[in-house]
Amino acid sequence: MAKKQTQSAEDYLETIYLLADNQAEVHRVEVAKQVGVSQAAVNKAMKILLEKGFIYEDGKHLFLTEEGRACAKAVFEKHCVLRDFLLSLGVSPEVAEEDACKMEHVVSAETVECMKKTIKK
């Protein structure tokens, strides 16, 4: 992830990334449902992501640029490591998922790498 993004931007990019992985086309309404915000909030966020070059659209569908995909993938991978680490400690799946969503935005790359090593042991 070349540039540090806001938590909100990371959440939107990660959501688009995950939706695109499961379906051919991503619409703003699906992003709104997944994130749990209004369509107006998604429109505002997409405008910012478009201006920053993280997404593009064809009028109806949202697509990640190469930089957007790299950012989203990094956030998602961090999320997965955090979740798996918490699960390895005995945290319930629901709490591990929820906590990983919060932690993915603040934990350092060094800490994540150490967690990866601990999980692999």
- [ ] Starting from the Cα gyration tensor of the stretch 75-120, multiply each eigenvalue by 5, take the square root, and state the resulting semi-axes largest first in whole Å.
- [x] 15, 13, 7
Task: Proximal lysines to Lys44, defined as alpha-carbon separation beneath 28 angstrom and excluding residues fewer than eight positions away on the same chain - done: Lys3, Lys4, Lys33, Lys52, Lys60, Lys73, Lys78, Lys102
TODO: Would you indicate which of (i) 14.0, 41; (ii) 15.0, 48; (iii) 19.8, 74 is the value of Rg and Dmax of the Cα atoms in Å derived from the coordinates of this structure?
DONE: (ii)
Task: Dipole-positive endmost among Tyr56, Val26, Val107 within the chain (Cβ charges, Cα centre) - done: Val107
TODO: Loop only per DSSP, at most 14 neighbouring Cβ atoms within 10 Å: give me the trypsin sites (Lys or Arg not before Pro) in the stretch 1-96, ordered by residue number.
DONE: Lys3, Lys4, Lys60
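Return the calculated 222 nm mean residue ellipticity for the chain, to the nearest 500 deg cm²/dmol, obtained by summing -39500 (n - 2.57) across DSSP H runs with n ≥ 4 and dividing by the residue count. Could the numbers behind the result be given before it?
Details: 6 runs with 84 residues, N = 121.
Mean residue ellipticity at 222 nm (helix-derived): -22500 deg cm²/dmol.
If r is the Cβ-Cβ distance from Lys102 to Asp58 and R0 is 41 Å, what FRET efficiency results, to the nearest 0.05?
0.80
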Open item on the list: Let me check against my output: what whole-number percent is the relative contact order of the stretch 75-120, with C-alpha pairs under 8 Å and at least 6 apart?
Closed with: 52
TODO: Please find, in a Gaussian network model of the chain (springs between Cα atoms separated by less than 10 Å), the residue of Thr65, Thr111, Thr15 whose mean-square fluctuation is greatest.
DONE: Thr111
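Since every read-out is calculated from the coordinates, none of them should be taken as a lab result. Keep in mind that what you see is a predicted model, and the values were worked out from it rather than measured. Reconstructed Cβ throughout: ideal geometry from the backbone, glycine too, with neighbour counts over all protein chains shown.
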